[in-house]
Amino acid sequence: HDLTAGPRPTTCLNGDWEWCPVPGAEPGPAPPANARWEQIKVPSLQSPEKTHCAWYRKVFSAPSHVRGERLILKCNQVLSEARFFLNGKSVGYEYQGSQPFEVDVTAAFKPGETNELLVAVRDWIAYSPVNQERVRRGEAAVFKDGMVAVAGYPCAMGLGLGGNVWLEGRPAVSVQDVSIVPAVRGRTLSLHYTLRNATGRAQVVGVKPALLDAGKPVRTLPRAQTTVPAGATATLTVQHSWPEAKLWW
């Protein structure tokens with residue numbers, strides 16, 4: 001479901017898309033002028049037996065609740081390589097799309113207006129120049145031959161947007177990741193934050209963690225502070241002694 005309130009409003013872009021299979025070893029810099037767009041559901045994977053490349057298109061009205069200093073496209077899976085264009089502008093590239101990744105689309109996003117998202121997709125031959133040459137000659141590709149990067153076996157069986165696609169509003173300085181490390185014998189809890197600063201100047205930021213049990217706060221940790229360089233990330237560790245922690249096992 002869409003998240004309309006809170007620090008990170010989101011909208012789901014799953015559902016009705018259009019796609020256009022493209023012959024050859026590359027999808028090209030833009031969809032073919034004579035592209036025949038077909039309706040397709042996302043997320044879904046297509047068979048790479050007939051094509052190794054395709055274009056996807058989604059035209060959507062940006063909901064007014066999705067606002068933020070940065071607008072992030074979150075993709076759970078694209079097999080295997082992808083280029084992103086929003087409203088005619090190149091906004092991102094992902095070489096290994098089999099794992100979840102993000103694309104910052106702020107520069108091209110039109111808040112509250114109609115947006116056109118294009119995604120150029122190429123399957124596992126993106127990692128095999130040998131097989132790209134085979135496809136150019138009209139020959140069948142041979143999986144795992146001449147690979148320059150790792151591709152799992154699922155990559156050989158699917159092409160396209162195989163995971164959920166979300167659009168998220170986010171502050172310019174935000175939590176990119178957090179690792180939670182409990183030490184049972186020492187009765188301590190360590191939180192390792194990765195903080196991202198998308199602005200052009202260093203920012204002094206702080207975090208104040210709260211621990212929840214069944215959705216209810218049970219403990220608030222002391223605030224910790226660090227400086228995040230411009231356009232970069234910084235790590236921040238919060239360690240807390242918790243002798244009376246309730247162990248679930």
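The values are calculated or read from the model by the stated rules, or taken from the named source; none is laboratory data. These numbers come from a predicted model, not from an experiment. When we count neighbours, we look across all protein chains shown, and the Cβ atoms used for this are built from the backbone with ideal geometry, even at glycine. Calculation scope for accessible area: heavy atoms of the full protein, side chains included, ligands and nucleic acids excluded. Shrake-Rupley method; radii C 1.70, N 1.55, O 1.52, S 1.80 Å.
Ranking 115, 192, 175 by Cα position along the charge dipole of region 97-249, where only Lys, Arg, Asp and Glu carry charges on their C-beta atoms, puts 192 farthest toward the positive end. Relative contact order for the chain: 19 percent, from Cα pairs under 8 Å spaced at least 6 residues apart, divided by residue count.
When the GluC sites (Glu not before Pro) in region 1-61 are filtered for DSSP coil states and for at most 14 other beta-carbon atoms within 10 Å of their beta-carbon, the remaining sites are 49. Would you mind checking the pairs 74/208; 41/144; 74/216; 74/110; 216/246; 41/89 and listing those with alpha carbons more than 22 angstrom apart? Checking Cα-Cα distances, 74/208; 41/144; 74/216; 41/89 exceed 22 Å. Taken about its Cα centre, region 1-141 carries a charge dipole of about 100 debye when Lys and Arg each add +1 at the Cβ and Asp and Glu each add -1 at the Cβ. Shown for region 29-94: the carbon plus sulfur share of the solvent-accessible area, taken with all protein chains present and a 1.4 angstrom probe, equals 46%. Among 213-221, 113-121, the peptide with the highest mean count of other Cβ atoms within 10 Å heads the list, and the full ranking is 113-121, 213-221. Take each peptide in 180-186, 148-154, count the other Cβ atoms within 10 Å of every residue, and average; sorted highest first, the result is 148-154, 180-186. About the centre of its Cα atoms, region 32-90 shows a dipole size close to 180 debye [charges on the beta carbon of Lys, Arg (+1) and Asp, Glu (-1) only; nearest 20 debye]. Our summary gives region 40-144 a relative contact order of 32 percent, counting only alpha carbon pairs under 8 angstrom and 6 or more residues apart.
Charging the Cβ of each Asp and Glu at -1 and of each Lys and Arg at +1, and nothing else, the dipole of the chain about its Cα centre rounds to 780 debye.
For the chain, the solvent-accessible area of protein heavy atoms averages 55 Å² per residue (probe radius 1.4 Å; ligands and nucleic acids excluded).
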